[in-house]
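**Q** Please read through the structure below; I'll follow up with questions.
The values are calculated or read from the model by the stated rules, or taken from the named source; none is laboratory data. Computed from a predicted model, the values in this text were never measured in an experiment. We place every Cβ from the backbone using ideal geometry, glycine too, and count neighbours over all the protein chains shown. These accessible areas exclude ligands, DNA and RNA; they are computed on the full protein's heavy atoms, side chains included. Shrake-Rupley method; radii C 1.70, N 1.55, O 1.52, S 1.80 Å.
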Amino acid sequence: MTPTMSASSRRSWHISDPGLAGSGRSKIAWAESQMPVLLHIRARASRTQPLKGLRIACCLHVTTETAHLMLTLKAGGAQVALCASNPLSTQDDVAASLVKDFGVAVYAIRGEDRQTYYRHIETVLASSPHLTMDDGADLVSTIHKHPDRFGESVIGGTEETTTGVIRLRSLEAQGKLRYPIIAVNDANTKHLFDNRYGTGQSTIDGILRSTNRLLAGSVFVVCGYGWCGKGLAQRARGMGARVIVTEINPVQALEAVMDGFGVMPLAAAARIGEIFVTVTGCSSVIREEHFRRMKDGALVANSGHFDVELDLPALRRLSRSRRVLRNGIQQHVLKDGRRINVLGEGRLVNLACAEGHPPSVMDLSFANQALACEYLNRYAKRLAPKVYPVPAELDREIAALKLKALGVTIDRLTPAQQRYLAGWELGT
Ligand code: ADE
């Protein structure tokens, strides 16, 4: 059942099918044991109510892991409204369970069109939030494009991903940012784990679920060697693929060389690659000149935030026909008969064709989100409208909690070592 928008505004949700709640509830329960840090924060927050009375507008991938973040914010006293941060990443059964079992206002339907996507964003913003929580900065950009309609009540925000932080820094540089935002992405316990190990594994997961291809021996081209690219290249190599990295940044290219990967321009990689994945955050990375060189049967996917990294209009222009071969695979037949297979419509393949990052790694990212909200509720009024890092003590607290949950203990500095590190006198 898809309620009409007018019905949904009365109901304060708009989801695909409330009848899917049972399946969503089981998946949410399954993820729980892998999210100990968030559960710890939730238990503490339900006692201390650090978010009491706060309204939070969230634009995130609607997944089992996000469900646990919503439950944590609610337990801390917040009222949350959630919409999708990508039209193709929503898990409809999880959305249903959030609405039916947990009373969360969700506006997200897998496969929603652009108009519905933005209508959901506007509906969430119409809840007069105090905080915005973004994954890609679509809430913030909507507020800044319509300052007369949205954002009056907002005191602060958080941002989950690299692409969103780049957009925020652009707003800040132009002197237009209206409120302080914490760049959750930049916390060590976020990007070193989620971007690297999360994207590494879930991107491979999306490729395997949609194609059932053997990676061993395949030529796997990773475009971009940021944290996501590093994780993906490492995991593809772990599966036996022959990995080539393409980069525009000489330092990152050098790092890829010394990590043992082949590095070359994409125009050269296009001729020999079999599987191509973009993870750059930039637009038109794989474009006409590259599609023209690719071998018959090439697989092309994107794992960057927006669906702009593959120039699909160019591929369509080069094609004489297109067909959907399997769930998540669109095959383009070029005029000379070569076939190029696009996964997940060029949207992030880990969420479009699989379930995104596993709960264990989202535990860290979303612990940062929850603690950043607590911090903003306490301090936002003292902060200027800038992009801020997650306070280092929160980052360390999250790492310590995860280690404890994993049963890992570590050493401490002795007093003599502390004195040594604090001094400058001792040399050779
Ligand atoms: N981003 C990547 N994976 C995710 C997940 N499982 N849940 C929410 N956001 C994500």
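**Q** For the range 1-103, with equal point scatterers placed on the C-alpha atoms only and solvent neglected, what are the log10 I(q)/I(0) values from the Debye formula at q = 0.19, 0.20 1/Å, to two decimals?
**A** -0.96, -1.05
**Q** Among 91-99, 378-386, 257-265, 200-208, how do they line up by average Cβ neighbours within 10 Å per residue, starting with the highest?
**A** 91-99, 200-208, 257-265, 378-386
**Q** Within the chain, what percent of beta bridges assigned by DSSP are antiparallel, to the nearest 5?
**A** 20 percent
**Q** To continue, here is another question. Send over the semi-axes of the range 145-194's equivalent ellipsoid, whole angstrom and largest first, taken as the square roots of 5 times the C-alpha gyration tensor eigenvalues.
**A** 23, 12, 8
**Q** Report the relative contact order of the range 322-428, percent, no decimals, based on alpha-carbon pairs under 8 angstrom and at least 6 residues apart.
**A** Relative contact order of the range 322-428: 13 percent.
**Q** Just report the Cα centroid separation between the range 92-121 and the range 47-73, whole Å.
**A** Taking the Cα centre of the range 47-73 as reference, the centre of the range 92-121 is 15 Å away.
**Q** Turning to a different aspect of this structure: State, as an integer percentage, the relative contact order of the chain based on alpha-carbon contacts under 8 Å between residues 6 or more apart.
**A** 16 percent
**Q** To the nearest 20 debye, what is the magnitude of the charge dipole of the chain about its Cα centre, counting +1 on the Cβ of each Lys and Arg and -1 on the Cβ of each Asp and Glu?
**A** So the dipole magnitude of the chain works out to roughly 520 debye.
**Q** Further question on the same structure: What FRET efficiency do you get for Val333 and Arg382 if R0 is 45 Å and r is their Cβ-Cβ distance, rounded to the nearest 0.05?
**A** E(calc), rounded to 0.05, equals 0.15.
**Q** Right, another one. Between Ala43 and Trp424, what is the label-point separation in nm under the 7 Å Cα-to-beta-carbon projection?
**A** Distance between the two pseudo-spin positions: 4.6 nm.
**Q** Let me ask something else about it. If you count only protein heavy atoms with a 1.4 Å probe, what accessible area per residue comes out for the chain, rounded to a whole Å²?
**A** 45 Å²
**Q** Dividing the convex hull volume of the Cα atoms of the range 284-428 by its residue count, what figure in Å³ per residue is obtained?
**A** It comes to 264 Å³ per residue, whole-number rounded.
**Q** Rounded to the nearest 10 Å², what accessible area does Phe366 have for a 1.4 Å probe in the complete protein model?
**A** 10 Å²
**Q** In addition: Amide H neighbours of His130 under 5 Å, at least 5 residues apart or on other chains, H built in the peptide plane: list them.
**A** The list, which skips near neighbours in sequence, is Arg55, Ile56, Ala57.
**Q** Ranked by accessible surface with a 1.4 Å probe, highest first, in what order do His14, His40 come?
**A** The most accessible residue leads, giving His40, His14.
**Q** Work through the residues other than Leu343 whose Cβ is under 11 Å from its Cβ and net out their charges, Lys, Arg +1 and Asp, Glu -1.
**A** My count for the surroundings of Leu343 gives +3.
**Q** Still on this model: Roughly what % of Cα-Cα distances in the chain sit above 39 Å, to the whole percent?
**A** It works out to 22 percent of all Cα pairs.
**Q** Select from Ser202, Leu177, Cys223 the residue farthest towards the positive end of the dipole of the range 176-223; place +1 on Cβ of Lys and Arg, -1 on Cβ of Asp and Glu, and compute about the Cα centre.
**A** Leu177
**Q** Could you tell me which residue out of Thr63, Asn212, Tyr388 lies farthest along the dipole of the chain toward its positive end? Charges go on the beta carbon: Lys and Arg +1, Asp and Glu -1, centred on the Cα centre.
**A** Value: Asn212.
**Q** Quickly work out the Asp259-to-Ala29 label distance, labels modelled 7 Å from Cα along the C-beta direction, and quote it in nm with one decimal.
**A** 3.9 nm
**Q** Calculate what fraction, in whole %, of the accessible area of the chain sits on carbon and sulfur atoms when a 1.4 Å probe is rolled over the protein chains.
**A** Here it works out to 52 percent.
**Q** By average Cβ neighbour count within 10 Å, what is the ranking of 176-186, 210-220 from highest down?
**A** 176-186, 210-220
**Q** Using the Cα centre as the reference, give the magnitude of the dipole from point charges on the C-beta atoms of the range 235-370 (Lys, Arg: +1; Asp, Glu: -1; all else neutral), rounded to the nearest 20 debye.
**A** That gives the range 235-370 a dipole magnitude of about 840 debye.
**Q** Cα centroids of the range 323-390 and the range 138-178: how far apart, whole angstrom?
**A** Between the Cα centres of the range 323-390 and the range 138-178 lies a distance of 18 Å.
**Q** Shifting gears a bit: Quick one: what are the phi-derived ³J(HN,Hα) couplings along the range 79-88, Karplus 6.51/-1.76/1.60 with θ = phi - 60°, whole Hz, x for glycine and proline?
**A** Using θ = phi - 60°, the values come out as 10, 10, 10, 10, 10, 7, 9, 7, x, 10 Hz.
**Q** Which of the listed residues, Leu376, Val279, Ala269, is farthest toward the dipole's positive end in the range 261-399, when Lys, Arg count +1 and Asp, Glu count -1 at the beta-carbon?
**A** Positive-end residue among those listed: Ala269.
**Q** A further question follows. Between Arg322 and Ser170, what is the spin-label point distance in nm, taking each point 7 Å from the Cα along the Cα→C-beta axis?
**A** Result: 2.5 nm between the two label points.
**Q** Quick one: Karplus J couplings for the range 258-263, per residue in order, coefficients 6.51, -1.76, 1.60, θ = phi - 60°, nearest Hz, x for Gly and Pro?
**A** 6, 7, x, 9, x, 10
**Q** Something else: Using only the alpha carbon atoms of the range 48-183, find the Kirkwood hydrodynamic radius as the inverse mean reciprocal pair distance, in angstroms to one decimal.
**A** In the range 48-183 this quantity evaluates to 14.8 Å.
**Q** Could you let me know the centre-to-centre spacing of the range 187-227 and the range 250-294, using Cα atoms, in angstrom?
**A** So the two Cα centres are separated by 15 Å.
**Q** Same structure, new question: At 1.4 Å probe size, with no ligands or nucleic acids counted, give the accessible surface of Ile340 in Å², nearest ten.
**A** Probe radius 1.4 Å; accessible area of Ile340 about 0 Å².
**Q** Next question, about the same structure. How much space per residue, in cubic angstrom, does the convex hull of the C-alpha atoms of the range 103-201 take up?
**A** Expressed per residue, the convex hull around the Cα atoms of the range 103-201 is 132 Å³.
**Q** Lys pairs in the chain, Cα-Cα under 16 Å, at least 8 apart or on separate chains: how many?
**A** Lysine pair count for the chain: 8.
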